Amino acid sequence: MLSTSSKMPIRLVAVLLAGCAFCAAQELKSSAAGPNSDSAPAATAAKPASATEFKDRSPRYRIEAGDSFDVSFDLSPEFNQTVSVQPDGFVTLRGVGDLKVAGETVPELTQTLKLAYSKILNDPLISVVLKEFEKPYFVADGQVGKPGKYEMHGQTTLTQAIAIAGGFQSSAKHSQVLLFRRVDDQWTEAKLIDVKKMQKTGNLREDPFLHPGDMVFVPKSTLSKIDHYIPNLSMGAYIPLAIP
């Protein structure tokens with residue numbers, strides 16, 4: 001399996017972690033204040049519904065720039081064509097001109113094409129088949145053997161993804177693995193997973209399946225942040241160890 005060396009910027013991870021911590025603090029504050037508190041509705045309203053829980057979704061693939069697909073007309077084969085999505089998200093279609101299709105699923109794209117061609121055809125029967133598209137992938141970053149971007153072949157769990165990325169480094173904090181999942185253009189969900197506990201108990205029921213585009217981030221343990229060598233001058237601050 002091939003990987004790239006592109007890594008998730010640490011600054012972005014820090015921002016996402018800060019956001020998660022803020023949301024958790026707001027929830028605790030709201031719970032402590034009680035249902036009749038004036039501050040409780042405000043805290044609830046500040047959070048989008050999609051960010052309240054790390055949900056297990058099965059999203060459909062959405063068309064992106066660079067994708068290509070075949071468009072077939074059952075009753076009007078003269079309009080059959082293969083089109084590519086331009087960098088701006090538009091395609092140029094025979095008979096109807098330019099349409100923006102980036103971000104649509106295949107069913108949504110089919111409806112968009114039917115609506116566009118209904119202006120020149122009577123109740124067109126259209127089928128769309130993706131030809132070239134970005135293959136499903138996940139990103140592994142942090143304290144793993146080989147950080148990078150990996151293609152997904154079939155269903156892949158979190159622990160499997162870590163193994164594919166070379167496993168944990170000795171400096172990894174197994175108990176605080178972060179799984180980031182993009183919700184939309186503005187929000188990304190994050191879930192903290194105790195892989196150490198799962199491995200210790202042998203219970204992998206909480207081992208989540210990854211979705212295309214997920215990112216796994218393994219932070220450093222506290223001990224790994226301590227320097228291997230301490231300057232001799234600092235040793236004078238310690239009390240001498242009494243040896244019997």
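Values quoted throughout were computed directly from the atomic coordinates according to the rules given, and no laboratory measurement underlies them. Everything numeric here is computed off the predicted structure, so don't read it as measured data. All Cβ positions, glycine included, derive from the backbone under ideal geometry; neighbour counts span all protein chains shown.
Remarks
- Note that segment 118-125 has calculated 3J(HN,Hα) couplings of 5, 6, 10, 10, 8, 6, x, 9 Hz, one per residue in order, obtained from phi through the Karplus relation 6.51 cos²θ - 1.76 cosθ + 1.60 (θ = phi - 60°); glycine and proline are x.
- Per-residue Karplus couplings for segment 80-85, computed as 6.51 cos²θ - 1.76 cosθ + 1.60 with θ equal to phi - 60°, are listed in order as 4, 6, 10, 10, 10, 7 Hz, Gly and Pro entered as x.
- Links that overshoot a 26 Å alpha carbon limit, given the list Lys100/Lys131; Lys146/Lys197; Lys100/Lys135; Lys100/Lys191: Lys100/Lys191
- Cβ-Cβ FRET estimate between Ala163 and Asp74, R0 fixed at 41 Å, reported to 0.05: 0.30
- Here the relative contact order of segment 68-132, from alpha carbon pairs under 8 Å that lie six or more residues apart, stands at 40 percent.
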